[in-house]
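One structure below.
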Amino acid sequence: MVPPKSADNETAASAALIEDILNLKVENPNGPYQLEGYRLSQSVGYLLKRSFNMLSGAIDKQLLPYDLTHPQFAILMLLSEQSCSTAANLARESSGDTGAITRMIDRLEAKALIRRERSTEDRRVINIVLTDFGKLVVEKMPVIAINVLNDHLQHFDADEITTLKRLLNKLLDQPQASAGCNTADHDSADIDSAGHKEST
């Protein structure tokens, strides 16, 4: 690999960067991916991202008449299924940005789907809970996701779907994976304007 010749490359910073790039090496020489023959289109990460975007887009389209988005629906389901109760936990479980989750929670609260309640165990903490309307949505709206999944997986047999889910869970079951909703600590996103911990 020959670095391009330009005025910028003559600076110390650019030279150091080029050296770092040239020194990059595949850490696991026995791994399934190697530099030689690597193609983005066959990368597991790329295929997973495209698959997610396809399914999420289809669910978004079906949720549109109900004034919901797929990410908003997912937050409601996490509140119901995963014992998530703070913005930090929701962000960890969904691998999302805490700021974006906070804004999403605000929108869901404005739609009367969730409300904020001060914890009875720790008065500094304000939990996020489903309203009765939110519980109805969580109970019935999975039909939308089910219809989309059934449509896109209609050419998969039961064994293939079981294998797919098993492999995806295996991929997620890594030491560096998110701690999820069971993590009890709170980060800066759980601090309200008065200095109390809040799931906003």
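The values are calculated or read from the model by the stated rules, or taken from the named source; none is laboratory data. It should be emphasised that the depicted structure is a prediction, and the values quoted were computed from it without experimental measurement. Here Cβ is always computed from backbone atoms with ideal geometry, including for glycine, and neighbour counts include all displayed protein chains.
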Original post:
Being over 16 Å from Leu76 (Cα atoms) and more than 22 Å from the chain's Cα centre (by Cα), is that true of even one residue in region 126-147?
Top reply: yes
In the set Thr11, Thr69, Thr86, the lone residue that is surrounded by 10 or more Cβ atoms within 10 Å (Cβ to Cβ) and at pLDDT 95 or above is Thr69
Just a yes or no: is a residue in region 56-69 hydroxyl-bearing (Ser, Thr, Tyr) and over 30 Å from Phe133 (Cβ atoms)? no
Of the candidates Glu121, Glu117, the one satisfying the condition of being among the acidic types (Asp, Glu), under 19 Å from Ile75 (Cα atoms) and not in a helix (DSSP H, G or I) is Glu117
Within region 35-89, residues in a loop (DSSP other than H, G, I, E, B), in contact (Cβ under 8 Å) with a residue 24 or more places away in the chain and polar (S, T, N, Q) come out as Gln82, Ser83, Ser85, Thr86
When region 21-44 is checked residue by residue, the ones that are of a type outside the set (A, V, I, L, M, F, W, C), within 30 Å of His70 (Cα to Cα) and surrounded by 10 or more Cβ atoms within 10 Å (Cβ to Cβ) are Gln42, Ser43
